[in-house]
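Written out below as structure tokens is the structure these notes cover.
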Amino acid sequence: MSENISSEIYTKAKEHSTKFNSVNEVAIILAAGHGKRIKSQTSKMLHKIWEITTVERVYNACKHGIENINSVIVVGIKALDVMEVIGKRESNKFAFQEQQNGTGHAVQVALKQIEKEFKDGTVYVLPGDMGLLDDESMKKFRNDFISSKKDMMVLTGIYDGKDAMLNSYGRIVRTKEGNGDENVIRIMEFKDILALPNDKPYELTYRNKKYSYTKDELLNTNEFNSGVYAFDYKKLVELINNISSNNAQNEIYITDLIELFNQKGYSVGAVSPKEKFVVMGFNDKSVLKEMHEIARRNVYEKLKNIIQIDDPDDFFIHDSVVSDLLEMDKKGIPLDIQIGKGAYIGDGVKLNYNVEIGRAAYIKGNVVFGKNIKIWRIVHLSTFPNQTLTIEDNVKVLWGDIIKGNIVIGENSIIESSVNLTGSDEFPLRIGKNVLIKGTSYLFGSVVEDEVTIEHSVLIKKKVKAEKDKNGNVKQVRFFIPDTEGKELLNDI
């Protein structure tokens, strides 16, 4: 990495970092690696699961699971990209791991960054690719660590496959006390277990007591390391710089802290989450796709008895919208919301009661729905940031319409098929109540009064009055086409 780029990263990290609060808990999120096996120019941490980057999902799990927790995100390869996605957030710092020297080294870099503001408490360390980690699992891990009174805790996964040998994660090696509180002696990497002799037991000494394990016993251990840890801060600081890099990769591994903690007489425990999938990480695109499918199933399970989703295998509803729907359901009023096959409901959308979203509709941005609204198939509704698209009660938007930008559609209006509506910040579009827009009409930056009918017209920055004829009916606007700009450039062929 060039000196100029490194300097830019340090500067950006300082600009995006904010002051810690007084809470004595901090999450260190390791997001410095690129992930060569994912075979992508995009950082591994910036690959998305259910439209949210994995590093942001881990960050959200920490922030929502542990109230007011401070955080440090360790960046390295693609550091500028990661910082751009996360941005400047409250009680969060960025630490730059300029040289990739292992997970233990990444924690050293993070602790150096916070030493002036964080003096005592609990430190959580998490990999930035665990995109299925949720706030409930994080809350449980915290509570388990506190109640255990251990000095270090490992979050572990339980492999329930038919053949544990197919799992190449590091195995958790525990004592054999049989009282349900077996301490962790070490984490053994799969390749190191394979290298053991078949006819000789593997022996470990823990607190002056010897423990013996056969090779098959270790290989078939179904508890594995997730890469998530909790530490007593002072004990972590005491021992973090004692980790050796005496290994084949010449790197400093956080797993070596287990042996250092045990040597000092500190206690190391391990617990597993309620849901097994939360400990999943990924190194290739196939596992990433599997995680995406799990996320989709989780969303469906949350909503299946609250709203109607036509195809459980083909829909998207952003997490922020899911949270809103769950809160609406708590009020005890039936939502009567229907989501068609292939529909996309993105971040910022505010749904309402008795809303029907048709097949393959795409809705994203600050789109605010009134009640009793029907959106037909393949409709596009969206906004740019800081814009709002408001659809008031009892509106119908028919198939194939494209409606984008700063717009209000008044109640009881009907936007028929193949209509294009656009409103900008400078020229918003305002459509009154009981308006009918039909045909292949296009409206931009206009104001349409109540009761008006518009058909086969192009209206750009126009005010459309509701004027009645001699019979008391509001006059229609039909077949209005503005003068062509640049027609002198056109010739017949």
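Some notes on this structure:
- The test for being outside the structural domain of Val367 (by TED's automatic domain parsing), over 30 Å from Asp120 (Cα atoms) and acidic (Asp, Glu) does not hold for Glu251.
- Scan of region 101-129 for residues that are assigned to a strand (DSSP E or B), out of contact with any Leu (no Cβ under 6 Å at 6 or more places or on another chain) and among the β-branched types (Val, Ile, Thr), ordered by number: Thr122, Val125
- Of residues in region 353-371 being in a loop (DSSP other than H, G, I, E, B) and farther than 15 Å from Ile307 by Cβ, the one nearest to the chain's Cα centre (by Cα): Gly365
- Unique residue being assigned to a loop (DSSP other than H, G, I, E, B) and among the β-branched types (Val, Ile, Thr) when the list is Ile258, Ile252, Ile294: Ile252
- One residue stands out in region 255-276 among those that are closer than 16 Å to Gly104 by Cβ and of a type in the set (Asp, Glu): the one that is surrounded by the most Cβ atoms within 10 Å (Cβ to Cβ), namely Asp256.
- Among the residues of this structure, Gln99 counts as one that is farther than 25 Å from Phe20 by Cβ, surrounded by fewer than 23 Cβ atoms within 10 Å (Cβ to Cβ), without any contact (Cβ under 8 Å) to a residue 24 or more places away in the chain and touching a Gly at 6+ places or on another chain (Cβ under 9 Å).
- Checked against (1) touching a helix residue (DSSP H, G or I) at 6+ places or on another chain (Cβ under 7 Å); (2) within 20 Å of Asp232 (Cα to Cα); (3) at pLDDT below 95, Lys116 passes all but a single condition, namely (1).
- Elements of the type strands (runs of 3 or more DSSP E) sitting completely within region 402-465 and holding at least 2 residues that are within 16 Å of Thr383 (Cβ to Cβ), more than 37 Å from the chain's Cα centre (by Cα) and outside the structural domain of Lys364 (by TED's automatic domain parsing): there are none.
- Inspection of region 224-247 finds no residue satisfying the criterion of being without any contact (Cβ under 8 Å) to a residue 12 or more places away in the chain, over 36 Å from the mean Cα position of the chain (by Cα) and assigned to a helix (DSSP H, G or I).
- Of all residues in region 257-287, exactly one satisfies the criterion of being among the acidic types (Asp, Glu) and under 19 Å from Cys62 (Cα atoms), namely Glu275.
- Check on Val82, in the same structural domain as Ser137 (by TED's automatic domain parsing) and part of a helix (DSSP H, G or I): yes
- In region 17-33, the condition of being assigned to a helix (DSSP H, G or I) and either crowded, with 20+ Cβ neighbours inside 10 Å or in contact with a Cys (Cβ under 9 Å, 6 or more places away or on another chain) (or both) is met by no residue.
- The number of residues in region 121-149 being under 16 Å from Val72 (Cβ atoms) and surrounded by fewer than 20 Cβ atoms within 10 Å (Cβ to Cβ) comes to 1.
The values are calculated or read from the model by the stated rules, or taken from the named source; none is laboratory data. Since the structure is predicted, the reported quantities are computational estimates derived from the model, not experimental observations. Here Cβ is always computed from backbone atoms with ideal geometry, including for glycine, and neighbour counts include all displayed protein chains.
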